[in-house]
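In what follows, a single structure is set out as structure tokens and then discussed.
The values are calculated or read from the model by the stated rules, or taken from the named source; none is laboratory data. Remember, predicted model here, so these are calculated numbers, not experimental data. Note: ideal-geometry Cβ built from the backbone for every residue, glycine included; neighbour counts use all protein chains shown.
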Amino acid sequence: MSGQPVVKSAAAQLGICGKVVSQGDFLAQGLDVAFVDSWNEWLQAVLAVSREQLGGKWLDTYLTSPIWHFALSPGVCSDNAMAGTLMPSVDQVGRHYPFTLAAELNVTPVQAWQDSDWTDITEQQVLATLDEGFNLQTWLAQLNRSELNWPQAKRFSVSQSNNEAIRQAWIISANQPLDSLALLHQSYLQQFSRYCLWWTAGSEQVAPCLLVTSGLPQVSQYAAMLDGDWSRWNWQQKQIHY
């Protein structure tokens, strides 16, 4: 098997999907239909299940839950890698549904996490939808002029045997610089096939953290991303010593 990130640095156009307080309709613009469909199918499921799990505490927990940033490898929600920001939101008539700002990702998810200056832009943009006097059309016009500039992707290749019995061994060319992020990306691909990174600065209930998941987080575990009770919702936590 050979793994090699795309070697280019390119600007990515931002797109949106979800609900904002000034509108009654579901918004979707500038994102691949396959991503929007898969993403919102997952969101609808996790909202429904977390409501059942948290009961009467759900609304307050949802409204005070943190903003999450994410980076998805290809195959999670569409053929493209994606990255963006997810914020708890509500529409004009009181229906609670998150708002997502996202773009196609031209580097590996681990590099998007490491070089995460772009989250300053996306977080400011999603928070702007909560401002008093928010004007959707003005905001969209500004968003259409905004782009995310991903860092230069680094070339990296790994060779593996096709023999399943010895696939744990890798061959890395000595002619290329060894890059820890590229190695981590390859490790996640080998372990999960497709993976997601989620990170947050936290909230009153959720401590700042990074999540690594195989595909999108399990529906039954999403409640922890709202209330920070990882053990209750069956997340495995590991202490990393270095």
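Condition first: within 16 Å of the chain's Cα centre (by Cα), at negative phi and of a type in the set (D, E, K, R). Can you find one or more residues in region 36-55 that meet it? Looking for residues that are within 16 Å of the chain's Cα centre (by Cα), at negative phi and of a type in the set (D, E, K, R), one finds at least one in region 36-55, hence yes. Has region 108-121 got any residue that is buried (at least 19 other Cβ atoms within 10 Å of the Cβ), in a strand (DSSP E or B) and not charged (D, E, K, R)? No; the residues of region 108-121 include none that is buried (at least 19 other Cβ atoms within 10 Å of the Cβ), in a strand (DSSP E or B) and not charged (D, E, K, R).
Taken over region 46-82, the criterion of being among the acidic types (Asp, Glu) and in a loop (DSSP other than H, G, I, E, B) is satisfied by Asp79 alone. Being modelled with pLDDT under 70 and surrounded by 15 or more Cβ atoms within 10 Å (Cβ to Cβ): is that true of Gln160 here? So Gln160 fits the description; yes. Per this entry, Val36 is counted among residues that are under 20 Å from Val126 (Cβ atoms) and not in a loop (DSSP other than H, G, I, E, B).
Looking at region 183-191, can you tell me whether even one residue there is modelled with pLDDT of 95 or more and not in a loop (DSSP other than H, G, I, E, B)?
Of all residues in region 183-191, those modelled with pLDDT of 95 or more come to none.
No, the conditions are met nowhere in region 183-191.
Counting only residues that are assigned to a loop (DSSP other than H, G, I, E, B), at pLDDT below 95 and among the charged types (D, E, K, R), region 92-107 holds 0 of them.
Within region 28-42, the set of residues being buried (at least 19 other Cβ atoms within 10 Å of the Cβ) and in contact (Cβ under 8 Å) with a residue 24 or more places away in the chain comprises Leu31, Phe35, Trp39.
Looking at (1) aromatic (Phe, Trp, Tyr); (2) in contact (Cβ under 8 Å) with a residue 12 or more places away in the chain; (3) in a loop (DSSP other than H, G, I, E, B), which is the one condition that is false for Trp230? Condition (2) is where Trp230 drops out.
For region 14-27, a residue qualifies if it is in a loop (DSSP other than H, G, I, E, B) and either at positive phi or surrounded by fewer than 21 Cβ atoms within 10 Å (Cβ to Cβ) (or both), and the qualifying residues are Val21, Ser22, Gln23, Gly24, Asp25, Phe26. Just one of the listed residues (Ser89, Ser78, Ser65) is within 20 Å of the chain's Cα centre (by Cα) and modelled with pLDDT under 95, and it is Ser78. Number of residues in region 189-224 that are touching a Pro at 6+ places or on another chain (Cβ under 7 Å) and either over 19 Å from Val110 (Cβ atoms) or surrounded by fewer than 17 Cβ atoms within 10 Å (Cβ to Cβ) (or both): the value is 4.
So is Leu105 surrounded by fewer than 23 Cβ atoms within 10 Å (Cβ to Cβ) and either out of contact with any Pro (no Cβ under 6 Å at 6 or more places or on another chain) or hydroxyl-bearing (Ser, Thr, Tyr) (or both) or not? Don't jump to the end; show me each part of the working.
On the way: surrounded by fewer than 23 Cβ atoms within 10 Å (Cβ to Cβ): no; either out of contact with any Pro (no Cβ under 6 Å at 6 or more places or on another chain) or hydroxyl-bearing (Ser, Thr, Tyr) (or both): yes.
No.
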